[in-house]
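Below you'll find the structure, written out as structure tokens, and then a few comments.
Read the figures in this text as sums done on the coordinates, not as results from a lab. Everything numeric in this text was worked out from a predicted model, so none of it was measured. We place every Cβ from the backbone using ideal geometry, glycine too, and count neighbours over all the protein chains shown.
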Amino acid sequence: MSFPQKVVRAAYGAVSKLLELQLRGVGNEADDDTAAPTDAAAFPQSMGLAVLPVIAATLRAHVEQGGDEPYVKRLWDKARTPTDLVAGETRLYAVGNIARMLRLLTDAAVLEAPSIKLGAAATKKVNREGDAVDCGTLTFAFTPGSAAALSITYTPPAGSGAGSTVLAAGSGDISLIGRTGPGSNKVRAED
């Protein structure tokens, strides 16, 4: 026997390690207390996938009864389910916000979120092609008739902690070092 029920509570069982759901028979949306209860219905999830649903009045469970043990075959939310897929698309989305998703299309994989982190300790902004690079400033000064007819001054980029270097008469090397621009406000990576 199988039947849909409303989900009113969800938590991972300390002993079973499965998602256990407290359910009520689908009836009057505002009357969970008097609806037929099903307690601790296990929801075995596919290996490599774990989800903790957002409890909402529209969250439903398809329940199978196997002897004395009810178990949930699938969960769905009648109000929060993506419907804008294109032909051939596979989508993994956050049950708490369906606009946060990984879309596998026939010609691309698209990750849509306001913040994308590459690594558990990701804090460094990722730079992109076309980001500005600040390597400091070379200043040339020419004074005709002086002992140092040409002087070159290198001023490193702001925040580098190094002072200006002046190269007077003679020769020498000045290292042009610097940092890339501000990087992405959306994508961050680990060192």
Exercise. Which whole-Hz ³J(HN,Hα) couplings does the stretch 46-54 yield from phi under the Karplus relation 6.51 cos²θ - 1.76 cosθ + 1.60, θ = phi - 60°, glycine and proline marked x?
Worked result: 4, 4, x, 9, 9, 9, 10, x, 8
Exercise. Which length gain, in nm to one decimal place, applies between L85 and A141 when the Cα-Cα distance is subtracted from 0.36 nm times their residue separation?
Worked result: 13.9 nm
For this session: Could you pull out every residue, at least 5 positions away or on a different chain, whose amide H is within less than 5 Å of the one on N127? Hs are placed 1.01 Å off N in the peptide plane, and Pro or chain starts have none.
Result: S184
Exercise. Mind listing which GluC sites (Glu not before Pro) in the stretch 64-134 are in a DSSP loop and have 11 or fewer other Cβ atoms within 10 Å?
Worked result: E129
Problem set entry | Farthest toward positive dipole pole in the chain [+1 Lys/Arg, -1 Asp/Glu at C-beta], among L92, V8, G25 | L92
For this session: Taking the Cα centre of the chain as origin, sum charge times position over the Cβ atoms of Lys and Arg (+1) and Asp and Glu (-1), and report the length of that vector in debye to the nearest 20.
Result: 220 debye
Exercise. Considering only the other residues whose Cβ falls under 15 Å of the Cβ of T123, what net charge follows from Lys and Arg at +1 and Asp and Glu at -1?
Worked result: +3
Problem set entry | Contour minus Cα-Cα distance for D107 and A40 (0.36 nm per residue) | 19.9 nm
For this session: Rank these for me by crowding, D134, D107, going from fewest to most other beta carbons within 10 Å.
Result: D107, D134
Seminar exercise, completed: Once the dipole of the chain is set up from charges on Cβ (+1 Lys and Arg, -1 Asp and Glu), the residue from the list G183, T139, T106 lying farthest towards its positive end is T139
Seminar exercise, completed: Most exposed first, judged by fewest Cβ atoms within 10 angstrom, K6, K117 run K117, K6
Seminar exercise, completed: In the list (i) 19.7, 62; (ii) 30.8, 104; (iii) 18.9, 63, the entry giving Rg and Dmax of the Cα atoms in Å computed from the coordinates is (ii)
For this session: Excluding P157 itself, calculate the net charge of residues whose Cβ lies under 15 Å from the Cβ of P157, where each Lys or Arg counts +1 and each Asp or Glu counts -1.
Result: -1
